Amino acid sequence: MTSDSATHRFRDRTARRRRENDWRLFLRLVPYAKRHQKLLWMAFVLLIPLSLAGSVQPILVGQTISFIRQEPTYFFLEGRTFSDGIAILVGLLGLTIALRSILDSIQSFLVQIVGQRMTMQIRNDLFDRVTSLSSSFFDRTPVGRLITRLTSDVDALGDVFSTGAIGIVSDLAAILVIVIVMFSVQWQLALMLVMMLIPVSVVVIYFQQQFRKANYRAREELSRLNSSLQENIVGISIVQLFRREPYNSEAFRQINQQYIEAVDRTIFHDSAVSATLEWISLVAIAGVLWLGGNLVMDNPMNFGLLASFILFAQRLFDPLRQFADKFTSLQSGFTAIERISDLLEEPIDIQDPEQHQIASIESNASGEIRFENVWFGYKPDEYVIRDLNFTIRPGEKVALVGPTGAGKSSIIRLLCRLYEPQKGRILIDGIDIRNLRQSELRQHIGVILQDGFVFAGDVKSNITLGETYPIEKIEAAAEQTNVSQFIEQLPQGYDTRLRERGTNLSGGQKQLLAFARVAIRDPKIMVLDEATANLDVKTEAWIQEALDRLLETRTAIVIAHRLSTIRNVDRILVLKRGELVESGSHEELLDSNGLYASLYKLQLLGSA
């Protein structure tokens with residue numbers, strides 16, 4: 001798949017996503033929420049007493065004022081002395097405050113628990129998806145962008161539930177209860193306050209759309225920022241060796257500035273919503289004072305009821321203010337859903353076959369490799385391998401040779417099924433590798449690359465790589481590859497902790513571990529891609545001795561730029577621009593005086 005087609009596909013998905021409303025985006029989280037139905041129902045049930053407690057408080061305050069002014073009050077205050085009436089009202093008010101505080105704390109706890117668990121599950125699903133994608137996806141996707149999706153975007157998703165969606169349901173429930181109570185008390189003032197909700201809704205919807213666009217842009221800029229940061233940290237040695245600090249710092253400052261400008265636009269829309277709600281809230285209180293004052297002067301309403309509606313106006317718009325506070329996290333969450341959905345919907349180009357098509361390599365398989373009319377390009381119309389045909393017999397040692405860009409590493413990637421050929425097929429022991437499970441195929445092939453990657457952990461886990469092997473087998477693999485000599489010199493031997501990327505090991509030691517992790521799996525096919533390039537003479541001698549034992553009964557493919565290291569292989573395949581141009585032994589190719597002979601003579605001249 002080309003980067004252009006991938007870009008078009010991404011843009012199509014993005015355009016479609018932006019046409020989706022918030023409700024459709026929210027529904028994408030429902031499958032995760034269903035896993036915690038009990039906790040969610042408990043949180044929703046608490047909304048009823050929580051809303052009622054909040055709605056009763058303005059009435060109690062109003063009754064207190066009416067009781068003090070000796071205006072008509074509720075029946076339970078009739079005939080009470082001043083001290084008794086005040087005590088009852090203060091007690092009821094304190095009870096509602098305590099009840100509301102306790103219920104609010106419990107509900108917040110439950111909602112946060114659900115949000116965090118959903119965040120964990122979404123991040124797990126994202127990680128599983130990312131690790132299942134083909135190498136072509138990582139060729140076109142910056143690492144920093146993926147990190148942003150897996151961290152800050154997923155965190156924003158958790159806020160959609162924990163402080164966003166459920167919080168909004170709580171606010172809506174509070175508004176609904178307050179409206180019902182207001183209409184049951186005094187319908188004119190209640191109607192006026194409800195009518196003021198209409199312009200608020202229009203304002204919120206408008207700024208919601210503007211904030212979404214600005215927030216999406218801010219997220220993209222954050223991805224660029226993380227990508228730049230990750231690239232500079234990984235390549236810090238090159239940055240420092242070539243004195244690129246000022247240049248890279250200036251480039252980072254520009255990206256950082258663009259990110260801040262994008263964030264400023266989100267802040268503007270967020271602040272506009274908060275300011276508008278505050279203004280409308282004040283207008284509502286003024287309206288209550290004007291209309292309520294007239295009703296009090298005309299005697300159909302008392303001062304206590306007017307005081308209750310002043311508090312009702314504040315309580316009615318309090319949920320809207322809280323919604324403004326949740327606005328940023330909620331819209332960020334919807335933006336995160338858009339971006340994460342793009343990643344979850346990214347097609348897995350390389351998949352295991354259907355159940356009825358699955359083939360399996362026999363335990364006594366010989367290790368034959370055959371390429372039949374294979375065409376491959378990282379872009380469809382720019383082939384790096386053209387109509388490639390060759391067969392490697394069981395137990396044969398074959399070297400791939402050619403100038404840079406000839407397609408040597410691409411052959412290895414195709415054989416391991418990190419990429420799919422556009423045409424032709426690749427067979428191992430007569431079985432098309434597309435009919436094999438990827439786990440079985442890669443268990444059958446042992447690959448040692450030029451740079452041995454080391455994970456943070458101990459030496460033992462870097463040999464087993466998550467699989468279960470007894471310590472005796474680990475030690476045997478280390479002995480077989482002559483790796484045990486350096487492991488035994490480490491402070492804790494096989495339990496020695498290794499830092500990220502193995503920074504407390506030398507390049508040669510990391511490469512030795514790569515040999516041990518292949519040997520323990522006992523593959524039928526060995527692939528060596530410049531595997532001894534980073535070793536000193538002494539270490540290379542150890543490895544060469546171990547390789548002679550490892551390769552004795554195995555099929556092997558060797559890529560080596562130093563032609564002197566492959567003189568003893570059974571056959572050499574010479575590639576040029578993705579085509580097989582020569583094949584034969586070292587002596588045969590020198591006698592033919594072709595491309596291989598030219599490359600060999602050039603290297604001899606260079607070494608001389």
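Key figures for this structure:
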| read-out | value |
| --- | --- |
| Members of region 495-522 that are surrounded by 19 or more Cβ atoms within 10 Å (Cβ to Cβ), in a helix (DSSP H, G or I) and not small (Gly, Ala, Ser) | GLN509, LYS510, GLN511, LEU512, LEU513, PHE515, ARG517, VAL518 |
| Among (1) surrounded by 18 or more Cβ atoms within 10 Å (Cβ to Cβ); (2) within 16 Å of the chain's Cα centre (by Cα) - the single one ALA173 does not satisfy | (2) |
| Failed item in (1) over 26 Å from LEU27 (Cβ atoms); (2) polar (S, T, N, Q); (3) buried (at least 18 other Cβ atoms within 10 Å of the Cβ), with SER249 passing the rest | (3) |
| Cβ pairs under 7 Å, 6+ apart, first in region 290-318 and assigned by TED's automatic domain parsing to the domain that holds GLN186, second of a type in the set (Asp, Glu) | ASN302/GLU71; PHE303/GLU71; GLY304/GLU71 |
| Test result for ALA399, of a type in the set (Gly, Ala, Ser), surrounded by 13 or more Cβ atoms within 10 Å (Cβ to Cβ) and either part of a strand (DSSP E or B) or at pLDDT 90 or above (or both) | yes |
| Count of region 380-415 residues which are free of Cβ contacts under 8 Å to residues at least 12 places away in the same chain and in contact with a Phe, Trp or Tyr (Cβ under 6 Å, 6 or more places away or on another chain) | 0 |
| Tabulated pairs, region 569-587, first more than 18 Å from GLY407 (Cα to Cα) and not assigned by TED's automatic domain parsing to the domain that holds PHE390, second at pLDDT 90 or above and part of a strand (DSSP E or B), C-beta under 9 angstrom, 6+ apart or interchain | none |
| Filter result for the condition that a residue is hydrophobic (A, V, I, L, M, F, W, C), crowded, with 17+ Cβ neighbours inside 10 Å and out of contact with any Lys or Arg (no Cβ under 9 Å at 6 or more places or on another chain), over PHE82, PHE137 | PHE137 |
| Pairs with Cβ under 9 Å, 6+ apart, first in region 425-443 and within 17 Å of GLU354 (Cβ to Cβ), second assigned to a helix (DSSP H, G or I) and acidic (Asp, Glu) | none |
| Residue in region 379-393 that is under 25 Å from PHE137 (Cβ atoms), outside any loop (DSSP other than H, G, I, E, B) and within 29 Å of the chain's Cα centre (by Cα) present | yes |
| Candidates VAL185, VAL130, VAL143, filtered to the one that is among the aliphatic types (A, V, I, L, M), surrounded by fewer than 18 Cβ atoms within 10 Å (Cβ to Cβ), under 28 Å from ILE348 (Cα atoms) and at pLDDT 80 or above | VAL130 |
| Residue, modelled with the lowest pLDDT, within region 335-358, restricted to residues that are within 30 Å of ILE525 (Cα to Cα) and in a helix (DSSP H, G or I) | HIS356 |
| Given (1) surrounded by fewer than 21 Cβ atoms within 10 Å (Cβ to Cβ); (2) under 30 Å from LEU93 (Cβ atoms), index of the condition SER308 fails | (1) |
| Test: residue in region 103-115 that is within 16 Å of the chain's Cα centre (by Cα) and surrounded by 15 or more Cβ atoms within 10 Å (Cβ to Cβ) | no |
| Where ILE361 falls short, out of the listed (1) more than 23 Å from ASN435 (Cα to Cα); (2) in a loop (DSSP other than H, G, I, E, B); (3) among the hydrophobic types (A, V, I, L, M, F, W, C) | (1) |
| Matching entry among GLU545, GLU552 (being assigned to a loop (DSSP other than H, G, I, E, B), of a type in the set (Asp, Glu) and modelled with pLDDT under 80) | GLU552 |
| Sole residue being charged (D, E, K, R) and over 30 Å from ASN364 (Cα atoms), chosen from GLU500, GLU472 | GLU500 |
| Test: residue in region 256-265 that is under 26 Å from PHE138 (Cα atoms), at pLDDT 80 or above and among the basic types (Lys, Arg) | no |
| Matching residues in region 51-94 - criterion: being of a type in the set (Lys, Arg) and within 17 Å of PHE303 (Cβ to Cβ) | ARG69 |
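The values are calculated or read from the model by the stated rules, or taken from the named source; none is laboratory data. Quantities reported herein were computed from a predicted structural model and do not represent experimental measurements. With ideal geometry, Cβ positions are generated from the backbone for all residues, glycine too; neighbour counts draw on all protein chains shown.
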